[in-house]
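Below you'll find the structure, written out as structure tokens, and then a few comments.
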Amino acid sequence: MQGHVLLLDLDRFKPVNDTFGHAAGDEVLRTVAQRLLACVRDSDTVVRLGGDEFAIVAPSTVEASDADALVTRIQQALTRSIPWRNTPIRIAPSIGLMRFDRDDCAATALLRADADMYRAKAMSRKPRP
């Protein structure tokens, strides 16, 4: 089997819990899960790894353009505000993407996606000129 693994975490999630409380954080996580499920195909798998980290296994996305389109859909879905008691909560995902082949084990693909996610997160924190 070939495909892609996406690993994402939510930027600005900790302040949600700190500012609005854990009920708001739970609502954000539920909303994120629903939005992720709306972005993927029936053959894809979405899991919450813990905290604010999610993984998506997208088998048969052999073409990089398929995976890039999935990343774009996720970014668009997760940057829309989440309503919480008359206050819009804004988060954004940092997404790591890694292609896997038949010979890759799941743990290796996930570790590579994790490294890619942290590169994406570091790039998003760089000051803009």
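The values are calculated or read from the model by the stated rules, or taken from the named source; none is laboratory data. No experiment lies behind these values; they were computed from the predicted model shown. Don't worry about glycine lacking a Cβ; one is built from the backbone with ideal geometry, like all the others, and counts go over all protein chains shown. Note: accessible area is taken over every heavy atom of the protein model, side chains too, but ligands, DNA and RNA are not part of it. Shrake-Rupley method; radii C 1.70, N 1.55, O 1.52, S 1.80 Å.
So here's what we get for this one:
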{"read-out": "Net charge, D66 excluded, C-beta distance under 12 Å - Lys, Arg +1, Asp, Glu -1", "value": "0"}
{"read-out": "Degrees, to the nearest 10: 64-79 long Cα axis against longest axis of the chain", "value": "10 degrees"}
{"read-out": "Summed residue charge, Cβ within 12 Å of T79's Cβ, Lys/Arg positive, Asp/Glu negative", "value": "+4"}
{"read-out": "Accessible carbon and sulfur surface of the chain relative to its total accessible area, %, 1.4 Å", "value": "53 percent"}
{"read-out": "Burial order of peptide ranges 45-52, 4-11 (average beta-carbon count within 10 Å, highest first)", "value": "4-11, 45-52"}
{"read-out": "Amide H contacts under 5 Å for F100, placed H, 5+ residues apart", "value": "G3, H4, V5"}
